[in-house]
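The values are calculated or read from the model by the stated rules, or taken from the named source; none is laboratory data. On a predicted model such as this, the values are computed, not experimentally measured, just so you know. Methodologically, a virtual Cβ is constructed for each residue, glycine included, from the backbone with ideal geometry; neighbour enumeration extends over all protein chains shown. We work out accessible area using only protein heavy atoms, side chains counted, and drop any ligands, DNA or RNA first. Shrake-Rupley method; radii C 1.70, N 1.55, O 1.52, S 1.80 Å.
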Amino acid sequence: RLSVWDREVEISVVMLLAIITSPVSWTHYYIIALVPWALMIGPLLSGAVTKLQRCLIIASMGLVSLPVVDVPEGLAPWLREALARTVISAWLFGGLALLVALLIERWNGREPVAAGAGEDSPAAEIAA
């Protein structure tokens, strides 16, 4: 049986897969990635993620927030084609980075600890 946290991570994975695997994925579709980012911001800020996950989440936020630019026409055709297929794909790479971070989270299967929920917290004393 999956925990609530695992279900939320899996739903986030499905949302990202819907964006990434779409044959026509416009940049404004990446607004859907706000849900997985919101899910991971708590563990990110509390330090409950691995260093790799931290780097992937921050990289995904940076890549997906890049402005849309057009490749200049004055460039050589081969360079124009290379830039169009790599630089323009920054949103895809950002989505893939967040997807990998979520898959690592799902693989680890740990739930984030809520603030004030430690053994020596006042909430634990009241429950005891």
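Backbone geometry of the stretch 68-81 corresponds, through the Karplus equation with coefficients 6.51, -1.76 and 1.60 at θ = phi - 60°, to 3J(HN,Hα) couplings of 7, 10, 9, 6, x, 7, x, 7, 4, x, 5, 5, 4, 5 Hz, x marking Gly and Pro. Taking the Cα centre of the chain as origin and charging only Cβ (+1 Lys, Arg; -1 Asp, Glu), how large is the dipole, in debye to the nearest 20? It comes to approximately 320 debye.
Were the residues from L66 through A18 laid out at 0.36 nm apart, the gain over their Cα-Cα distance would be 15.2 nm. The residue among L34, V13, N108 whose Cα reaches farthest toward the positive pole of the charge dipole of the stretch 1-117, with charges on the beta-carbon of Lys, Arg, Asp and Glu, is N108. The label point for S46 and the one for R110, both projected 7 Å from the Cα toward the Cβ, are 1.1 nm apart. Ranking I11, I41 by solvent-accessible area of protein heavy atoms (1.4 Å probe, all protein chains present), from largest to smallest, gives I11, I41. Rolling a 1.4 Å probe over the protein heavy atoms of the stretch 28-76, with every protein chain left in place, gives an accessible area that is 73 percent carbon and sulfur.
Please find the FRET efficiency linking F93 to R7, where r is the Cβ-Cβ separation and R0 is fixed at 22 Å, and quote it to the nearest 0.05.
Values: r = 27 Å, r/R0 = 1.22.
Efficiency at R0 = 22 Å is approximately 0.25.
This structure gives volume of the Cα convex hull per residue in Å³, computed directly, and of (i) 124; (ii) 105; (iii) 158 that value is listed as (i).
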